[in-house]
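First comes the structure, then the notes that go with it.
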Amino acid sequence: MKAFKAAALVSIVTGMSSSPAHAETARSEITIRGVVPTICRVDFGQSAPRAEGRTIDFGLTREFCNQGGGYRLVLRHPAGMLNASVSVGGATVVLSPGTETVILDVSGPEITSRSVTLRTGNSSIALESVSFRVEPKGAIY
């Protein structure tokens, strides 16, 4: 009889210890915020553009911009280039009559490459008269 009582007592104790605990799960949150310098740049993979007739192939851009607001790619060119356009990644942009044309407007940070080809239309131009500038949109750190 004593053996039976001991077995029943062990069964009660183990049954109590195996019941699930109803503890609250702990939750914590950590927010890390940092400010990094704004870096926006564009360059071309090939060393020199290829000119053929009234078409200048600049090759592929290498674009990097960490600005959250994005960036613009601006083409500087001689004024009054009639019927001139630039193809950027397959999209065609007609050049403005002034000396600068925004050829790309990106709405967020990006790392990418695009092909760029300039068609000079009715104008003959020197390669030295064409350049590119990248402009971050938003605050610059």
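Every number in this text was worked out from the coordinates using simple rules, so none of it is lab data. Treat the numbers as computed from the prediction; the structure is a model and nothing was measured. A quick note on method: Cβ atoms are made from the backbone with ideal geometry, for glycine too, and the neighbour counts reach across all protein chains shown.
Data overview
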item	result
Inter-probe distance in nm under a simple model that places probes 7 Å from Cα toward Cβ, at R76 and A126	1.5 nm
Spin-label pair R54/I39, simplified geometry with 7 Å Cα→Cβ offset, distance in nm	4.1 nm
Cβ-defined net charge surrounding A84, 14 Å radius [Lys, Arg +1; Asp, Glu -1]	+2
Counted charge near L118, where neighbours are those whose Cβ lies closer than 13 Å (Asp, Glu -1; Lys, Arg +1)	+2
Nonlocal amide H pairs with R62, under 5 Å, H built at 1.01 Å	D43, F44, G45
Value of relative contact order over segment 40-136, rounded to a whole percent, pairs C-alpha under 8 Å and six or more apart	39 percent
Label point distance in nm, Y141-T92, each placed 7 Å from Cα along Cα→Cβ	4.2 nm
